[in-house]
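A.B. asks: Here it is, the structure in full.
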Amino acid sequence: MLFDDSNPVAFHDQPITQLLVKVAARCNIDYSYCYWFRDAAVYDKPKLMSTGVLHQLLQRIEEHVARYSLVDFPIVLHGGEPLLWGVENFHRFAEGCERISSRTGCDIPIAVTTNGVLIDDQWLDCFETRNISVAISLDGPAHIHDLHRRTFQGTGTHAAVERAARMLVSRDICVSALAVCNPAYPPEQYVAFFTACGIANYDIMIPDATVDEKPASIASFYNGLFDLWLTANRTAPTANIRIVSDMITALLGNNSPTEGVGHKPIELCTVMTDGTVEAHDVLRIAGDGFTRTRFNIFDHAIDEVRNEPRWKAARDASINLCEKCRQCKFMNACGGGYLPHRFSKANGYDNPSVYCDDLYSMFENMQSVLESHLYVSKPGGERVNVREALTRA
C-alpha cells in the first residue's frame, strides 16, 4: 500500500492559532444555500461589529499572541457580508494589528471572504495598502453562479462579481476564488471560467449538507476535476485548486492546510459581532442556535474558549471518528470528511460524512492515478514506477 492510513494520530492541545471574525451578521445578496442563515439565531446578533467590540478584540489578540509567543496569528474577516462593515473599519482593524505586530513581533496576516458586490477602487486601495488577502465567492460562469447568488430583487449578481474579480486580479492583491460545486454541470466549465478571469488560485467546495439530507453525488465531478488539474499541470503549474491540492497533500501523509481534509483537530474559533465566541461557524448548519455560547471576549481571554463545552465538543468530534471511519484505509487522509457533513439529529457528529461513498471514490481514484505517476530511485540509478515496485514486492 503506498499510503498507510492505518496508524492513529496523537493530537496535543495547543493555543488557538487563528481567528474567524464575524464583522457583519447580515448579507446584501440572497445566497440560497448559505449555511449562515440556516440558523435563525444569527438575527439575534448586532448587524455590525461596534467600535467597542473592535477595541476589545484587538486587546485580546495582543494578550493572546504575547502570552503564547506566537510567530503568526492569521485572521479572517467574515460575515454575512464583511464589506458592509465599511472600509474605514477595515483600516482601523488593520492598523491595530500592525501596531500589535510591531510590539510583539507576531505576524498577523489578514484575509477577507466577500461576495464582491461592493468592491470598488476604494476597497481595492484598502486591500492593497493593508496587504489584505481576498477570497471572492464566485460560483464559476453566470449560468451556474446566478442560480443561487441573486439580489433580493431576484436578479443575478454574476456580472458585478466577475467585474470585481477582474479588478482584484489587476492589482497587487492576493486573490483566490471560492466556488461551490454544482455537480449538474461539468468541471470543465468552472476551470475554463477561472482561467479566462486570470484567477490561478481557487477552490470548488463540496456543498454543505448534513447526514439528515440527501445531496447529489459529487464523486464524478471531483474525479473529473482532478483529471483536468493533472492535465493542466503536467508540464508546469498553471492552477492551484485547493480541494485537489489538499487531498493530494493528505494522501502523501502531510497535514492539509484546511480543515475539510485530513484527520486533525478543528481548533478554529469564531468571534461574533457582539464579541461572543463560538466554535467553527459553519457548524450552525445544524440550526436552532446549535453553536450559541455565553463565552465572550469581554469576560474571557481568547484561549479560554478551549474550556467552553460546545467548543470542546466540536473539537473532540473532529478527531473522534465513527467506527466506519476508523476502519477505513483512508482514515488519516480523509479524516472523516468535513465535520458539519457528519452531523445528524440522532447521533450528533458520530456518523460517516453524508458524502462518505463519494469521498472514498475520490481518494481511491486519486491514489490510483498518483501511484501510476510516482517513481522511486533504486540503487544503480534505476527509476521504477511505484505501482510496479509494489507489484514486485
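The values are calculated or read from the model by the stated rules, or taken from the named source; none is laboratory data. Predicted model, so just to flag it, every value in this text is computed and none were measured. Methodologically, a virtual Cβ is constructed for each residue, glycine included, from the backbone with ideal geometry; neighbour enumeration extends over all protein chains shown.
A.B. asks: Before we move on, is ILE218 touching a Gly at 6+ places or on another chain (Cβ under 8 Å) and more than 22 Å from ALA279 (Cβ to Cβ)?
C.D. replies: No: the conditions fail for ILE218.
A.B. asks: Would you check which residues across region 193-210 are in a helix (DSSP H, G or I), touching a residue at least 24 places away in the same chain (Cβ under 8 Å) and surrounded by fewer than 21 Cβ atoms within 10 Å (Cβ to Cβ) and list them?
C.D. replies: THR195, CYS197
A.B. asks: Determine whether PRO237 is more than 30 Å from VAL305 (Cα to Cα), modelled with pLDDT under 95, in a loop (DSSP other than H, G, I, E, B) and not acidic (Asp, Glu).
C.D. replies: Against the criterion (more than 30 Å from VAL305 (Cα to Cα), modelled with pLDDT under 95, in a loop (DSSP other than H, G, I, E, B) and not acidic (Asp, Glu)), PRO237 qualifies.
A.B. asks: Let me ask something else. Using beta carbons and a limit of 8 Å, which pairs, at least six apart or on different chains, have the first residue in region 304-316 and over 20 Å from HIS64 (Cα atoms) and the second one in a helix (DSSP H, G or I) and at pLDDT below 85?
C.D. replies: ALA314/LEU283
For (1) modelled with pLDDT of 95 or more; (2) touching a Lys or Arg at 6+ places or on another chain (Cβ under 6 Å); (3) crowded, with 17+ Cβ neighbours inside 10 Å; (4) not in a loop (DSSP other than H, G, I, E, B), each residue gets a yes or a no:
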position: ALA313; (1), (2), (3), (4): no, no, no, yes
position: ASP316; (1), (2), (3), (4): no, no, no, yes
position: LEU321; (1), (2), (3), (4): yes, no, yes, no
position: ASP358; (1), (2), (3), (4): yes, no, yes, yes
position: PHE363; (1), (2), (3), (4): yes, no, yes, yes
position: GLU371; (1), (2), (3), (4): no, yes, yes, yes
position: VAL376; (1), (2), (3), (4): no, no, no, yes
position: GLY380; (1), (2), (3), (4): no, no, no, no
position: ALA389; (1), (2), (3), (4): no, no, no, yes
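A.B. asks: Go through region 78-89 and report how many residues are within 22 Å of the chain's Cα centre (by Cα) and either surrounded by fewer than 22 Cβ atoms within 10 Å (Cβ to Cβ) or over 15 Å from LEU118 (Cα atoms) (or both).
C.D. replies: The qualifying residues number 1.
A.B. asks: Filter region 323-346 down to residues that are in a loop (DSSP other than H, G, I, E, B) and out of contact with any Phe, Trp or Tyr (no Cβ under 9 Å at 6 or more places or on another chain) and give me whichever is farthest from ILE243 (Cα to Cα).
C.D. replies: Among them, the one singled out is ALA346.
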